[in-house]
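> Pasting a structure here, questions to come.
What follows is calculated from the coordinates using simple rules that are stated; it is not laboratory data. Because the structure is a prediction, the values reported are computed rather than measured. Here the Cβ is made from the backbone with ideal geometry for all residues, glycine too, and neighbour counts use every protein chain on show.
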Amino acid sequence: MKILVIGGKGTIGKRIVEYFSKEHQVIVAGRSSEKYPVDIADTKSIKRLYKQIKKTGKIDAIICAAGEAKWAPLKDLSEADFHIGLRSKLMGQVNVVRYAHKCLRKKGSITLTTGILADDPVYQTTSAAMVNGGIHSFVQAAAIEMRKKIRLNVVSSGVVMDAYHKYESYFPGHPPIPMDKMLHGYRRSVMGRVTGEVIRIYS
Ligand SMILES: NC(=O)c1ccc[n+]([C@@H]2O[C@H](COP(=O)([O-])OP(=O)(O)OC[C@H]3O[C@@H](n4cnc5c(N)ncnc54)[C@H](OP(=O)(O)O)[C@@H]3O)[C@@H](O)[C@H]2O)c1
């Protein structure tokens with residue numbers, strides 16, 4: 001398979017790249033990528049990336065492990081703060097899906113990334129939780145009407161082991177998710193037949 005990983009240099013992304021590279025051709029894109037630069041908050045940038053990739057031949061799967069949202073107490077979040085998550089993690093991933101048919105093969109797959117905050121939020125995460133929940137609903141609805149029989153899923157995991165040192169204090173009592181376990185979610189989406197699924201990996 002030929003797989004595009006957006007955010008492939010991040011904590012989660014680099015594990016996805018490492019895992020799928022064992023048996024597949026993987027293209028790594030991201031904001032700081034020299035070869036495949038993309039900012040998912042900018043629709044033109046996504047279209048440019050897909051055009052660039054199409055020139056190398058169509059791909060079988062897109063995995064997006066990129067997107068940001070502002071963390072702060074609800075009382076301190078400005079409207080502009082909410083727009084960070086709406087533009088990046090929510091509409092960024094929605095636009096990754098909207099234009100994917102331009103470079104994906106028939107029956108290809110798209111896998112988005114959210115997180116446990118959609119179902120089990122913690123203090124200071126109203127914006128991130130809202131955006132994650134929005135993507136879950138989007139995936140379930142959009143999967144019904146994807147072009148070219150493209151499958152669409154989202155992996156929603158708890159705090160992953162590689163990032164636990166950074167987020168532990170925000171998530172009291174949440175068990176860290178082993179990286180291998182998190183990868184099962186992406187494998188299930190890319191290699192399986194499921195579509196419209198929110199793949200939850202919370203323990
Ligand atoms: N860490 C966790 O425990 C955890 C658990 C569940 C869900 N998540 C979610 O999973 C996603 C990835 O998390 P992570 O911990 O791997 O984050 P990370 O270490 O900060 O990595 C994010 C990656 O995405 C890229 N990126 C960020 N914004 C982008 C944009 N607008 N356009 C294109 N690329 C962009 C970054 O590229 P540059 O470095 O080049 O900017 C980086 O490679 C996030 O949405 C996060 O909320 C994380």
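> Could you rank the peptides 178-186, 2-10 by their average count of other C-beta atoms within 10 Å per residue, with the highest value first?
2-10, 178-186
> As a test of the formula, what do you get for the chain when each DSSP H run with n ≥ 4 contributes -39,500 (n - 2.57) and the sum is divided by the residue count, at 222 nm and rounded to the nearest 500 deg cm²/dmol?
Computed ellipticity for the chain at 222 nm equals -10500 deg cm²/dmol.
> Sticking with this one: Which percent of Cα-Cα pairs in the chain sits in each 10 Å bin, short to long?
9, 37, 38, 13, 1
> Right, another one. Report, ordered by chain and residue number, the aspartates and glutamates lying within cross-link reach of residue 89, taken as a straight Cα distance under 17 Å and ignoring same-chain residues fewer than 8 apart.
Candidates past the 8-residue exclusion: 39, 42, 68, 79, 81, 119.
> Given the peptides 142-149, 40-47, 20-27, 73-80, arrange them by the average over their residues of other C-beta atoms within 10 Å, most packed first.
40-47, 20-27, 142-149, 73-80
> So, in Å, what gap is there between the alpha-carbon centers of region 60-90 and region 1-28?
Between the Cα centre of region 60-90 and that of region 1-28, the gap is 22 Å.
> About the Cα centre of the chain, how large is the charge dipole given +1 on each Lys and Arg Cβ and -1 on each Asp and Glu Cβ? Please answer in debye to the nearest 20. Could the numbers behind the result be given before it?
Values: 33 positive and 17 negative charges, 296 e Å.
Roughly 1420 debye for the chain.
> In the structure displayed, which of 9/106; 51/149; 51/107; 47/148 lie more than 22 Å apart, Cα to Cα?
Cα-Cα > 22 Å for 9/106; rest within.
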